[in-house]
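Asks: Sending over a structure as C-alpha coordinates; questions will come in a sec.
The values are calculated or read from the model by the stated rules, or taken from the named source; none is laboratory data. Everything quoted here is computed from the prediction, not taken from an experiment. For neighbour counting, all protein chains shown are included, and Cβ atoms are generated from backbone atoms with ideal geometry for every residue, glycine included.
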Amino acid sequence: MNKCDYCGQDNVSDAVRCAGCGTYLNEPPEPPRPPKSKTTAVILALIFGPLGLLYLGLEGVMVFLFVIGIAIFTLPFLLTALHGTGFGLLITLVVRALCASWAIQTLNRRNSEEMDEPEAAILLDEGVKLENVDFDQAIAKYEELIEKFPNSAESKTARTCVETLKANLKRNPASQ
(Lines give C-alpha, C1' and ligand atoms only; values in the text may rest on other atoms or scores of the structure.)
Protein backbone atom coordinates (compact mmCIF):
# COMPACT_ATOMS: atom_id res chain seq x y z
CA MET A 1 0.00 0.00 0.00
CA ASN A 2 1.07 3.55 -0.71
CA LYS A 3 -0.01 6.14 1.89
CA CYS A 4 -0.76 9.71 0.79
CA ASP A 5 1.37 12.32 2.56
CA TYR A 6 -1.36 14.93 2.13
CA CYS A 7 -4.57 13.24 3.30
CA GLY A 8 -3.27 9.97 4.76
CA GLN A 9 -5.40 7.65 2.61
CA ASP A 10 -4.04 4.22 1.70
CA ASN A 11 -3.71 3.66 -2.05
CA VAL A 12 -2.70 0.70 -4.19
CA SER A 13 1.08 0.32 -4.47
CA ASP A 14 1.34 1.38 -8.14
CA ALA A 15 -1.07 4.34 -7.92
CA VAL A 16 0.20 7.60 -9.36
CA ARG A 17 -2.33 9.81 -7.60
CA CYS A 18 -4.17 9.51 -4.32
CA ALA A 19 -7.67 8.09 -4.70
CA GLY A 20 -8.88 10.41 -1.93
CA CYS A 21 -7.52 13.84 -2.76
CA GLY A 22 -5.90 13.47 -6.19
CA THR A 23 -2.42 14.64 -5.23
CA TYR A 24 0.61 12.94 -6.74
CA LEU A 25 1.93 10.16 -4.51
CA ASN A 26 5.53 10.32 -5.68
CA GLU A 27 7.04 12.91 -7.95
CA PRO A 28 4.83 15.05 -10.16
CA PRO A 29 5.09 14.20 -13.85
CA GLU A 30 7.48 16.16 -16.02
CA PRO A 31 5.86 19.11 -17.71
CA PRO A 32 5.24 18.41 -21.39
CA ARG A 33 7.95 19.57 -23.76
CA PRO A 34 6.86 22.26 -26.17
CA PRO A 35 6.32 20.75 -29.61
CA LYS A 36 9.10 21.27 -32.11
CA SER A 37 8.40 23.31 -35.19
CA LYS A 38 7.83 21.41 -38.42
CA THR A 39 8.91 24.45 -40.42
CA THR A 40 12.24 24.63 -38.60
CA ALA A 41 12.78 20.88 -39.01
CA VAL A 42 12.07 21.00 -42.75
CA ILE A 43 14.27 24.07 -43.31
CA LEU A 44 17.16 22.51 -41.38
CA ALA A 45 16.78 19.20 -43.25
CA LEU A 46 16.66 20.95 -46.64
CA ILE A 47 19.64 23.21 -45.92
CA PHE A 48 21.87 20.81 -44.02
CA GLY A 49 20.53 17.42 -45.16
CA PRO A 50 21.04 14.68 -42.58
CA LEU A 51 22.82 17.12 -40.28
CA GLY A 52 19.56 19.07 -39.96
CA LEU A 53 17.89 15.98 -38.46
CA LEU A 54 19.88 16.51 -35.27
CA TYR A 55 17.12 19.01 -34.39
CA LEU A 56 14.78 16.02 -33.85
CA GLY A 57 16.82 14.61 -30.99
CA LEU A 58 17.75 10.93 -30.61
CA GLU A 59 15.78 9.72 -33.62
CA GLY A 60 17.45 12.37 -35.75
CA VAL A 61 20.87 11.32 -34.51
CA MET A 62 20.21 7.71 -35.48
CA VAL A 63 19.05 8.64 -38.99
CA PHE A 64 21.96 11.08 -39.33
CA LEU A 65 24.49 8.37 -38.46
CA PHE A 66 22.83 5.88 -40.81
CA VAL A 67 22.78 8.29 -43.76
CA ILE A 68 26.35 9.48 -43.12
CA GLY A 69 27.50 5.87 -42.83
CA ILE A 70 26.00 4.99 -46.19
CA ALA A 71 27.33 8.18 -47.76
CA ILE A 72 30.87 7.59 -46.53
CA PHE A 73 31.02 4.05 -47.93
CA THR A 74 28.93 4.18 -51.11
CA LEU A 75 28.82 7.72 -52.48
CA PRO A 76 32.48 7.86 -53.55
CA PHE A 77 32.06 4.59 -55.45
CA LEU A 78 28.93 5.83 -57.18
CA LEU A 79 30.48 9.14 -58.17
CA THR A 80 33.64 7.46 -59.44
CA ALA A 81 31.65 4.92 -61.45
CA LEU A 82 29.47 7.54 -63.09
CA HIS A 83 32.20 10.22 -63.60
CA GLY A 84 29.80 13.07 -63.24
CA THR A 85 29.32 15.82 -60.73
CA GLY A 86 25.66 16.33 -61.64
CA PHE A 87 24.81 12.93 -60.22
CA GLY A 88 26.35 13.88 -56.87
CA LEU A 89 24.16 17.00 -56.77
CA LEU A 90 21.09 14.88 -57.55
CA ILE A 91 21.93 12.48 -54.72
CA THR A 92 22.40 15.40 -52.33
CA LEU A 93 19.00 16.87 -53.25
CA VAL A 94 17.24 13.51 -52.92
CA VAL A 95 18.84 12.86 -49.51
CA ARG A 96 17.80 16.31 -48.29
CA ALA A 97 14.22 15.79 -49.48
CA LEU A 98 14.12 12.42 -47.72
CA CYS A 99 15.47 14.02 -44.54
CA ALA A 100 12.77 16.71 -44.68
CA SER A 101 10.11 14.02 -45.13
CA TRP A 102 11.51 12.04 -42.19
CA ALA A 103 11.51 15.19 -40.04
CA ILE A 104 7.82 15.86 -40.77
CA GLN A 105 6.78 12.27 -40.02
CA THR A 106 8.77 12.16 -36.78
CA LEU A 107 7.35 15.44 -35.51
CA ASN A 108 3.78 14.47 -36.49
CA ARG A 109 4.08 11.25 -34.49
CA ARG A 110 5.85 12.85 -31.53
CA ASN A 111 3.53 15.85 -31.29
CA SER A 112 0.41 13.67 -31.50
CA GLU A 113 1.72 11.43 -28.70
CA GLU A 114 2.52 14.42 -26.50
CA MET A 115 -0.85 16.02 -27.15
CA ASP A 116 -2.66 12.92 -25.84
CA GLU A 117 -0.94 12.88 -22.45
CA PRO A 118 -2.44 16.08 -20.97
CA GLU A 119 -5.98 14.97 -21.91
CA ALA A 120 -5.42 11.58 -20.27
CA ALA A 121 -4.18 13.31 -17.10
CA ILE A 122 -7.26 15.56 -17.10
CA LEU A 123 -9.58 12.54 -17.39
CA LEU A 124 -7.73 10.83 -14.53
CA ASP A 125 -8.11 13.96 -12.37
CA GLU A 126 -11.83 14.09 -13.13
CA GLY A 127 -12.20 10.42 -12.18
CA VAL A 128 -10.36 10.95 -8.88
CA LYS A 129 -12.60 13.91 -8.02
CA LEU A 130 -15.73 11.93 -8.90
CA GLU A 131 -14.75 9.16 -6.47
CA ASN A 132 -15.70 11.48 -3.62
CA VAL A 133 -19.12 12.12 -5.18
CA ASP A 134 -20.29 9.01 -7.02
CA PHE A 135 -18.45 5.73 -7.62
CA ASP A 136 -20.45 4.92 -10.77
CA GLN A 137 -19.58 8.25 -12.40
CA ALA A 138 -15.93 7.81 -11.41
CA ILE A 139 -15.89 4.32 -12.96
CA ALA A 140 -17.46 5.71 -16.15
CA LYS A 141 -14.79 8.45 -16.33
CA TYR A 142 -11.99 5.92 -15.79
CA GLU A 143 -13.44 3.63 -18.47
CA GLU A 144 -13.59 6.58 -20.87
CA LEU A 145 -9.90 7.21 -20.21
CA ILE A 146 -9.05 3.53 -20.75
CA GLU A 147 -10.95 3.51 -24.04
CA LYS A 148 -9.36 6.72 -25.39
CA PHE A 149 -5.79 6.08 -24.22
CA PRO A 150 -5.41 2.31 -23.74
CA ASN A 151 -1.59 2.28 -23.61
CA SER A 152 -0.95 5.33 -21.41
CA ALA A 153 0.32 5.31 -17.82
CA GLU A 154 -2.88 7.05 -16.79
CA SER A 155 -4.88 4.18 -18.29
CA LYS A 156 -2.99 1.70 -16.11
CA THR A 157 -3.83 3.78 -13.04
CA ALA A 158 -7.46 4.04 -14.15
CA ARG A 159 -7.72 0.24 -14.50
CA THR A 160 -6.46 -0.16 -10.94
CA CYS A 161 -8.94 2.46 -9.69
CA VAL A 162 -11.84 0.74 -11.50
CA GLU A 163 -10.93 -2.60 -9.92
CA THR A 164 -10.70 -1.01 -6.48
CA LEU A 165 -13.99 0.85 -6.84
CA LYS A 166 -15.83 -2.23 -8.11
CA ALA A 167 -14.42 -4.29 -5.23
CA ASN A 168 -15.57 -1.61 -2.77
CA LEU A 169 -19.04 -1.60 -4.32
CA LYS A 170 -19.31 -5.38 -4.00
CA ARG A 171 -18.24 -5.32 -0.35
CA ASN A 172 -20.39 -2.37 0.63
CA PRO A 173 -23.10 -1.40 -1.91
CA ALA A 174 -24.25 1.46 0.34
CA SER A 175 -20.85 3.19 0.14
CA GLN A 176 -21.86 5.12 -2.95
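Asks: Being at pLDDT 85 or above, in a helix (DSSP H, G or I), surrounded by fewer than 12 Cβ atoms within 10 Å (Cβ to Cβ) and not small (Gly, Ala, Ser) narrows it down to one residue among GLU163, GLU113, GLU147, GLU143; which is it?
Replies: Residue meeting the stated conditions: GLU147.
Asks: Would you please name the residue that is modelled with the highest pLDDT, looking only at residues in the range 29-45 that are loosely packed, with under 12 Cβ neighbours inside 10 Å and in a loop (DSSP other than H, G, I, E, B)?
Replies: Out of the qualifying residues, it is PRO34.
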